[in-house]
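The values are calculated or read from the model by the stated rules, or taken from the named source; none is laboratory data. Quantities reported herein were computed from a predicted structural model and do not represent experimental measurements. All Cβ positions, even for glycine, are placed from backbone atoms using ideal geometry, and neighbour counts span all protein chains on display. The area values use the complete protein model at the heavy-atom level, side chains included, leaving out ligands, DNA and RNA. Shrake-Rupley method; radii C 1.70, N 1.55, O 1.52, S 1.80 Å.
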Amino acid sequence: MSLEVTRKENQQPTPPTGGHNGNGMAVLQSMATTHRLRLNPNTEHKPESYEGLHLEFSPLLFSSLERYLPPPMLSLSRDSKFHYMRDIILRYSPEGERTRVQKQREYRQKIISHYQPLHRELYAMHASNFFAPSFLKAINENKGESFRSIMAEPTQGVFTFEMLQPHFCELLLSEVENFEKWVHETKFRIMRPNTMNKFGAVLDDFGLETMLGKLMEDFIRPISKVFFSDVGGSTLDSHHGFVVEYGVNRDVELGFHVDDSEVTLNVCLGKQFSGGDLFFRGVRCDKHVNTETQSDDGQFFIAGAIGMVQEPQHLVIGSVFRELRKYQKDFSSWCGECQREKKERQRVSIAATKQELLKREGKPAT
């Protein structure tokens, strides 16, 4: 979910309607005309769950946004915080985006009301049945050294580790196949995961949204907070979970591309196959997302292994939090093209300084 939208000058904020606590109302009324958030999140604050409310947007968005609330608001009731954040979202979210979200919600509700799940145990989080023991142990310890102990980093910013139990992978593939069978029998037109894949399914569309939300919030965010803090890894608020298929009479390849996400979890689910290697080359920020790769960009191949995070059937979860980009303009700490531009600016600056010094000393410039 992106809040990076130009504000209309004639649009007035709706006054927050907090809870009935007198102090809460006083704080809300004093902030009603500003509706400001903190520039940096309070990573130590544990936000409330907004599951169960009738929301236009993902409950995880509210949980993530809560960390950006002004300090006086953090102790208010959930209802007060919810209305304050909702006013901000409605103020900065374009009407077209709200319409898209509403249509998507209606589309998913239509599927869920007709599709009968095959493995209902997949639709709620059962960590001990889903995850490999080594992964679960690292998550419970929740320390950087614990995460690193189960991981390999074959190239900068790419981590591989065992995550899912094979039985979970089998159940998930079976559920996807059952959904695809239902789609074929009912001739229901579904949206594919992206514009590049003609096969595959969006897992949220047939009821797995809540489970994947818990996966992201409780099991991916602790890791991304440690390894991807510079791109919003500690404040992930949404996900796009899907399974794609490659093979005979299926997609045969996925061209070189940049994921539209800050963090991508790519898991090989099986079945038996050959090929399916995953290729990485270079890192790009939004500004340089369409630039060509260069010879000095790092590159790496990863072969598929069932249950391993790393691609013919894969679970892909990409999460986005875009508010950071309003304030950060320099991504040279990780974007290859930004690094090249920074080096070129430094070279030009040094050359100009040298020319100026030679000029002052009366020596010919070279």
Working only within the range 69-92, note down all residues that are modelled with pLDDT under 90 and assigned to a loop (DSSP other than H, G, I, E, B).
none
I need the full set of residues from the range 219-246 which are assigned to a strand (DSSP E or B), more than 17 Å from Pro59 (Cα to Cα) and of a type outside the set (Ser, Thr, Tyr), in order please.
Phe242, Val243, Val244, Glu245
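Would a scan of the range 174-189 turn up a residue that is on the phi < 0 side of the Ramachandran plot, of a type in the set (A, V, I, L, M) and in contact with a helix residue (DSSP H, G or I) (Cβ under 6 Å, 6 or more places away or on another chain)?
No, that holds for no residue.
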Starting from residues that are closer than 21 Å to Thr160 by Cα and polar (S, T, N, Q), keep the ones in the range 113-142 and report whichever is least open to solvent (accessible area, probe 1.4 Å).
Ser134
Which residues, counting only those in the range 259-281, are assigned to a loop (DSSP other than H, G, I, E, B), modelled with pLDDT of 70 or more and in contact with a helix residue (DSSP H, G or I) (Cβ under 9 Å, 6 or more places away or on another chain)?
Glu262
Please pick out the residue among Glu44, Glu97, Glu56, Glu51 that is outside any helix (DSSP H, G or I), farther than 22 Å from Gly207 by Cβ and among the acidic types (Asp, Glu).
Glu44
